[in-house]
Structure formats: structure tokens, C-alpha cells
1. Pull out all pairs, ordered by first then second residue, where Cβ-Cβ is under 6 Å, the residues are six or more apart or on different chains, the first lies in the stretch 91-107 and is over 15 Å from ASN58 (Cβ atoms), and the second is of a type in the set (Lys, Arg).
2. In the stretch 20-70, what residues are basic (Lys, Arg) and either touching a Cys at 6+ places or on another chain (Cβ under 8 Å) or surrounded by 13 or more Cβ atoms within 10 Å (Cβ to Cβ) (or both)?
3. Out of the stretch 35-63, which residues are in a helix (DSSP H, G or I), closer than 16 Å to ALA105 by Cβ and touching a residue at least 24 places away in the same chain (Cβ under 8 Å)?
4. List the pairs whose first member sits in the stretch 64-75 and is under 14 Å from ALA112 (Cα atoms), whose second member is of a type in the set (Ser, Thr, Tyr) and surrounded by 20 or more Cβ atoms within 10 Å (Cβ to Cβ), and whose Cβ atoms are under 7 Å apart, counting only residues at least 6 apart or on separate chains?
5. Go through ALA11, ALA28, ALA15 for me and flag whichever is modelled with pLDDT under 95, outside any helix (DSSP H, G or I) and not basic (Lys, Arg).
Amino acid sequence: MTSTTAPASDALHVAELSRVNQKITDGAADLPAVTLKDGSRVQTGTVATMLYNIALYNAGERGAVEQELKMAIPTLFKVGLFELFPPQQWIDGDNPGRSFVGTHAWAYLNAAG
């Protein structure tokens, strides 16, 4: 995307992640969204929230935590996390939460073509 205006789907995704990412703050302030060079907007705090949710997943939580981890995947791709640590590395480890993220990142990547 070359436009500086994010599509409505990006805005909705950022708003949803903003709500999810509040779980790592004291609730006193909203985490900002930032605009990347390609014009897309991403919610700050997503990596930290993912790490927090992986710990919850590893402690046995499912349901909402799984949905929040999946919701973070597009943003994690946009910021380059999966270029640094490809999905297969996440899948191959012995950390169940990390494997969950890797499996869903792999599926997202394959669905995106």
C-alpha cells in the first residue's frame, strides 16, 4: 500500500488490538498506533502482549487468549517479526504457546499467498 490513509479494515484491526493490548498496561493510557512506511497502521504493544498471552497459553488458558494471539499475527508480519524468527522456528520449539503462534502464522502466510 502506498497511500498514507489506512483502509477501514486496518483501522478496525488497530482498534481491536488497542483493546487487547491494554492488558499489559496499568490502564492509565492508551498505547499509540503508528504508521509504517507503507502507510499501514499498527498498534504498539502487540509484541509485548503476544509474549504475555504466550505465558497465559502455557499456563493452560485457551479461548480468548488463542483469539488474541491469532489477532496479533498480521501486525507481527507487518513489523517483520517473522522475518527475524520464521514461523517454522516457532513451531519447532518446545514452547506450546510459541508453537501455537507459529502454526497460525504459517497458516496466515500460506493463505496470503
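1. Pairs that qualify, where the first residue is over 15 Å from ASN58 (Cβ atoms) and the partner is of a type in the set (Lys, Arg), are HIS104/LYS70.
2. LYS23, ARG41, LYS70
3. Selection gives THR46, VAL47, THR49, MET50, ASN53, ILE54, TYR57.
4. Partner pairs satisfying both residue conditions: THR75/THR46.
5. ALA28
The values are calculated or read from the model by the stated rules, or taken from the named source; none is laboratory data. Just so it is clear, the model here is predicted, and its values are computed rather than measured. Positions of Cβ are backbone-derived with ideal geometry, glycine not excepted, and every protein chain shown enters the neighbour counts.
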